[in-house]
Structures are given as C-alpha cells and as structure tokens.
Amino acid sequence: MKNNKLNIYLTLVILILLAVLLLDKRFLPGKNGSPQFARSNTELIGTVMELIKTDYLEEPNPVRTTEGAFRGLVNSLDPLSAYLDKDLAARYLNKKNLNLSTGLVLYKKYGVFPVVVAVLENSPAEKAGLKVGDNISAINDRNTLNMSLLEVNLLLEAEANETTAPVKLRVVRGTETKEFMVEKNFKPQNSLQTTADKSGLLILKPSSIYNGLAQELKRSISAGLKNPLKAKAIILDLRNCYNGQYEEAPKIINLFFRDDKIGFFEKRGQKEYLSCSQVPVFPSEKLFIWVNQATFGPAEMMAGVLHDLKRAKVIGLETPGLVGRQEKFPVSDGSLVVLTTSVFFLKSGTKLWDTSVPLDEKLTYAEKMDQAFLEKTKNMLSRPD
C-alpha cells in the first residue's frame, strides 16, 4: 500500500515535469519541438524518476517532492509568477496595506539568487550595510535559489501590528559571503517629493504609482511653472519606483500627451487598449524621465509610453521589463498559484516584458548617481532639438 502511494506521487511528479517540457516547447524559442525530442525527454524523466524510486538513499518524501515539482513548474515561468504554500498564501491573501519591510528592492529569476537593485533611504537595510548588487543567498538559513520573487518579498515583510525578530540574510558580495541581521520595521509611504533645482529643473519623485498621484503631480507642476524662476524642464524621477497601480499610470501620461491608443495589454491574443483621451495639461513642457534597475511595472509603462510617443527623453539604467498583470488562483489544499496572464506592448509594438524601457541616454551604475543624472539631463537640455 505504501509503495502504491509512492508510485502515485512519483507519477504525478512525472506528469508535472512533462508539463514543464510542454511549456518549455511553447514559450522558449529555439527548442526542438519534434516528436523525437519530446519522446527522448519523456524517457529521460522516466529513467531519473525510476532511479530516485529504487536507488535514492531513502524513500523520498512524496509531499515534499510533489510540492517541489509544483514550485519549480510555476516559479520558472517568469519573475512574477509564483507558487505559494498555504502559510505564505494566507499571508499574501490577507495583505491589505503596504507591509513593513527591510527596505530592500530585489529582482530575481528562478534558479539564481535575488539581487539587490535598490536600498531605500533611511531603511533598516541601509543601516545594516546592504548594497546594490548584493546577492541574497539565504533568508533565515533558507536557500533562496529556487524561490520566487514574490516568496522572497513575503519573507522580508511583516504586518503593521506584527512583532518580529530581525531577519538573518546571507549575502554574496563579490567573492565574499557575509551575514546581516536586518529589522523588518520600515514603513513605505505613498509620497511625492518636489525639488526645484537652481538651474531651472523641476524634479518630481514619487515613491510609487499610487491612487491620486496624477492630481498631486498636476498641482506640483502647476505651482512650479508659476514660480518666478520658471522651470525650464520637468523631470519625472521614477528611480526605485517599484510598485503601484496600473490604473493610475494612464492618468499621469495624459497630463503630458493625448492619444486614443497608447499601448495595450495582451492576454492570449486578446488586446486591451489603453487610452489617454483628455486634453493634456502640460502638452509642450520639456520632459525628462529618470529610471534605473528598480523601476518596475506601472513606472516602466509610463516611461515606455512617453518615450514611444516622443513626448519624453528617458535617461538612466536598464529597467527589468516587468510590465505585466498577475492573477491569483487558489488551490484546494490552501496553497496559491500566481500567474502572469497579460503583458504590455507599446503602440509601436515593442513589448515591455523581459525588455528594458528604451533609453535615450544610458548610464552605468555608481555609488552616487544623482549628480550623473543631473549632468546628463543638463547636457541634453542644452542641445538643440
């Protein structure tokens, strides 16, 4: 009876691995899709599973093996799809507001360590000494290699009323391995910082693309343009702008440009076009957008659209290309599958998925970037159009 149960689990794992092959054949260009290729790989999987069954040092734990197969299948699809066990699923589904965090912004693909792409100012991570480029190899002694980005972020968050111990991070930095104890008590705030540079640059830096940001930007820009030292150009600083709402992004774009079709989300061949149909408030002011490797999602979409429509110049570091929507699919055992179900295309046809926003001026990362961004913007502003 015990062997029969094990056989059932191993058969299920084989079916999951076969599904991986089918997805691989469908989504990865250049793979051999011939029947011979499918047959040889099916035989290979069968051989490997038989070896595990008969020669592994102990009888494999069927539940853990099956969950590992599920995790590998979903997490390997793309950076934002994820399989969550029932504990993390409950945490994710019950999340209502911006959770407390370490202040790390991470990017991760399946099979590699999450890499730090930003360390938020005055955060526990900054105080602990974490740096951009650090690779997080373990969280509380749990290896991160095959985790999803969503799982990693959940492990680094805490509810507002939750008392937690510092999280232990093992970090690979160059050839060194270091350990850090980092508090999870950083509270992200939806905010807009406005700075009027002496040279005539009005710099607007949102923390995220949150509901109501378009109206805040409108007020701030209007005030800046009425200032006696009228702004020569507007800078939308989207660096470290890693979350937010896609619904707000077209409203912000519409402040600067009007077009009935600015791009579209595509889901299995079905296109959902986005529109900016109102008369723009700032149709002719010079506009620059700053981006970096922590400019995700809605912020990427804004930068890409305004560049694509030739309304803004984009300066900075390559962005990760994560302009996609995810949907949640609860599983009967309490676990959860999060899948990317649509991705965004610019009006020109460029897909902002696994592809950076096009850059007019590309910078190289350095410890202090503000001066480099300012100098590059001033140089571009001084050039004739």
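Derivation of every value follows stated rules applied to the coordinates shown; laboratory data play no part. All figures in this text were calculated on a predicted structure; none of them were measured in a lab. Cβ coordinates were reconstructed from backbone atoms using ideal geometry, including for glycine residues, and neighbour counts include every protein chain displayed.
The packing ranking, built from the mean of other Cβ atoms within 10 Å per residue, places the peptides 143-150, 361-368, 304-311 in the order 304-311, 143-150, 361-368, highest first. For region 124-165, applying the loop criterion from DSSP together with a ceiling of 15 other beta carbons within 10 Å to the trypsin sites (Lys or Arg not before Pro) yields Lys131. Ranked by the mean number of other Cβ atoms within 10 Å of their residues, highest first, the peptides 272-278, 234-240 come out as 234-240, 272-278.
Report note on the peptides 316-324, 173-181: ranked by the mean count of other C-beta atoms within 10 Å, highest first, their order is 316-324, 173-181. On the basis of the beta-carbon distance and an R0 of 30 Å, Asp85 and Glu179 show a calculated FRET efficiency of 0.75.
Under 22 Å of direct C-alpha separation, and excluding same-chain neighbours fewer than eight residues apart, Lys328 reaches these lysines: Lys86, Lys95, Lys96, Lys108, Lys109, Lys267, Lys271. When every alpha-carbon pair in region 95-182 is counted, what percent end up more than 20 Å apart? Cα-Cα pairs in region 95-182 separated by more than 20 Å: 27 percent.
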